[in-house]
Amino acid sequence: MAKFFLIGYMGSGKSTVGEKLAAKLNYDFFDLDKLIESDYKQTIPEIFSTKGEKEFRAMEHNTLKRLLEKDNIVVACGGGTPCYYNNMELMNNNGVTVYIKMSVDSLVNRLINAKDKRPLIENKTEPELRIFVNRQLEKREDIYHQAQYTVKGKDLNINELALFVKEQVGV
Ligand code: S3P
């Protein structure tokens, strides 16, 4: 029985990887952002614009805590999830944390066409986005590196990741 938490910056592929990993492990997959949206019946951009980021972080924390009651799950977190409240500690104490690491260049390339629905970056031009990602990743990586495992997100082989986690965790 295990809970896997995939963490990493916006655009690092947490949801895609998580869904595939869950299928390989025969676990249930949860996308934390989607769960927040269904819990609170508002989209992430709506929550940011009507309630603000502070409130969003409280909602994110509550939804994460609710997920801890489940087992045999793979959770794709939001990019900021580990950085607020004691979320990183909660995930490390209750499950296996995996940081999907990607370079700023790859992140910017992926995010430039995926800014909608991401309120923190939706209005940024490419140069602004690069500066923002660089700065924010530098700050967030201290926390991301508290994950128990770090894997390279670029060209990540899901079969290998699944085998690796099975060996490490014995699931
Ligand atoms: C955020 C990342 C988003 C979402 C929200 C805030 C962040 O999730 O939770 O827009 O602070 O990095 P993704 O990483 O799935 O884009």
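The values are calculated or read from the model by the stated rules, or taken from the named source; none is laboratory data. The structure displayed is predicted, hence computed values, not measured ones. Cβ: placed from backbone, ideal geometry, glycine included. Neighbour counts: every protein chain shown.
Just a few scattered comments:
- Counting only residues that are of a type in the set (Gly, Ala, Ser) and within 11 Å of the ligand (Cβ to nearest atom), region 102-128 holds 1 of them.
- The listed residue being crowded, with 16+ Cβ neighbours inside 10 Å, at pLDDT 95 or above and on the phi > 0 side of the Ramachandran plot, out of Gly79, Gly52, Gly18, Gly8: Gly8
- Matching residues, region 4-37, being near the ligand (Cβ under 10 Å from one of its atoms), among the β-branched types (Val, Ile, Thr) and either assigned to a helix (DSSP H, G or I) or touching a Gly at 6+ places or on another chain (Cβ under 7 Å) (or both): Ile36
- Condition met for Glu60 (charged (D, E, K, R), crowded, with 21+ Cβ neighbours inside 10 Å and within 11 Å of the ligand (Cβ to nearest atom)): yes
- In region 131-171, of all residues being of a type in the set (Phe, Trp, Tyr) and modelled with pLDDT of 95 or more, the one that is farthest from the ligand (Cβ to nearest atom) corresponds to Tyr149.
- Members of region 71-116 found to be over 20 Å from Lys34 (Cβ atoms) and aliphatic (A, V, I, L, M), listed by number: Met88, Val96, Met102, Val104, Leu107, Val108, Ile112
- Residue list for region 38-48, restricted to those being surrounded by 17 or more Cβ atoms within 10 Å (Cβ to Cβ), in a helix (DSSP H, G or I) and more than 10 Å from the ligand (Cβ to nearest atom): Tyr40
- Residue in region 109-120 that is of a type in the set (Val, Ile, Thr), surrounded by fewer than 18 Cβ atoms within 10 Å (Cβ to Cβ) and either closer than 22 Å to Phe164 by Cα or touching a Lys or Arg at 6+ places or on another chain (Cβ under 8 Å) (or both) present: no
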